[in-house]
1. Between R50 and A18, what FRET efficiency comes out of the Förster formula 1/(1 + (r/R0)^6) with R0 = 30 Å and r the beta carbon distance, rounded to 0.05?
2. How large is the helix-only mean residue ellipticity at 222 nm for the chain, computed as the sum of -39500 (n - 2.57) over DSSP H runs with n ≥ 4, divided by its residue count, in deg cm²/dmol to the nearest 500?
3. Could you pull out which residues in the range 178-204 have an amide N less than 13 Å from a spot 7 Å beyond the Cα of R2, following the Cα-Cβ vector?
4. How would you rank 52-58, 183-189, 128-134, 13-19, highest first, on the average number of other Cβ atoms within 10 Å across their residues?
5. Within 10 Å of each residue's Cβ, count the other Cβ atoms and sort M1, M180 from fewest upward.
6. Among bridges DSSP assigns within the chain, what percent are antiparallel (round to 5)?
7. Starting from the Cα of R148, step 7 Å along the direction of its Cβ; do the same at V128; then give the gap between the two resulting points in nm.
8. If you take the beta carbon distance between R207 and K92 as r and set R0 to 45 Å, what does 1/(1 + (r/R0)^6) give as a FRET efficiency, to the nearest 0.05?
Amino acid sequence: MRTLAQDVHQLAGRPPNAINVYLVGDVLVDAGTPAAERRILGQLAGRDVRAHLVTHAHADHFGSSHAICEALGIALWAGATDADDIEQATPKLPAKGIGLVLMKSKPPPAHPVARRLREGDEIGHGFVVLDAPGHTLGHISLWRESDRTLIVADAFFNIRRPAAPPDFLTIDPELNRASMRRLAELRPALTLFGHGAPLRDPEQLKRAVARAGGS
């Protein structure tokens, strides 16, 4: 686990930066795939974790959520519009291409959502919820204005460079481009992604928006 900003830590993953999980103070943000359970719990050992937040209802973000919430006895939080998909273990993807294949694969275990998050809700440690729909309709990001730290989750990917998430994994690409534009306009000093390495250059987000046709 490495510290990226005050109270913000990135858990080690395999391979690094592929499917990211963060600890924001005492709130775990996302939980990878079902295979990540032991690795995440091992890194949380000895830490005070009071809640688990899922940025959106895709299987590589709430895959281990049920197991972790049960093991630690903590509540699950998620964006209000995606909460039912997590509670029913029915992640939504475009019904074409690889999205259709993933839709037919075994979903992660369901888990009740104790807190349904909306725009402006505070999650602690200075972060507030931003609605950033498109990748899923209930996708959320987290913003801390005091040091301009932004957890975009999957509104952007940062595999080779910042870019829009693939259309075949995105419910509404046009809506996602609008979310990308809004997030880039914040000019974050530190951007943290669901997929990809941390970024400390806000101009790269603006260029990603332009390449995606969202400018």
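1. That gives a FRET efficiency of 0.65.
2. Working: 6 runs with 52 residues, N = 215.
Computed ellipticity for the chain at 222 nm equals -6500 deg cm²/dmol.
3. Under cut-off, by backbone N: 196-200.
4. Final packing ranking: 52-58, 128-134, 183-189, 13-19.
5. Placing the least packed residue first, the sequence is M1, M180.
6. Counting DSSP beta bridges with both partners in the chain, the antiparallel share is about 60 percent.
7. Modelled inter-label distance: 1.7 nm.
8. 0.95
Quick note: the coordinates plus some simple rules give every number you see, no bench work behind them. Predicted model only: the values in this text are computed from it and were never measured. Methodologically, a virtual Cβ is constructed for each residue, glycine included, from the backbone with ideal geometry; neighbour enumeration extends over all protein chains shown.
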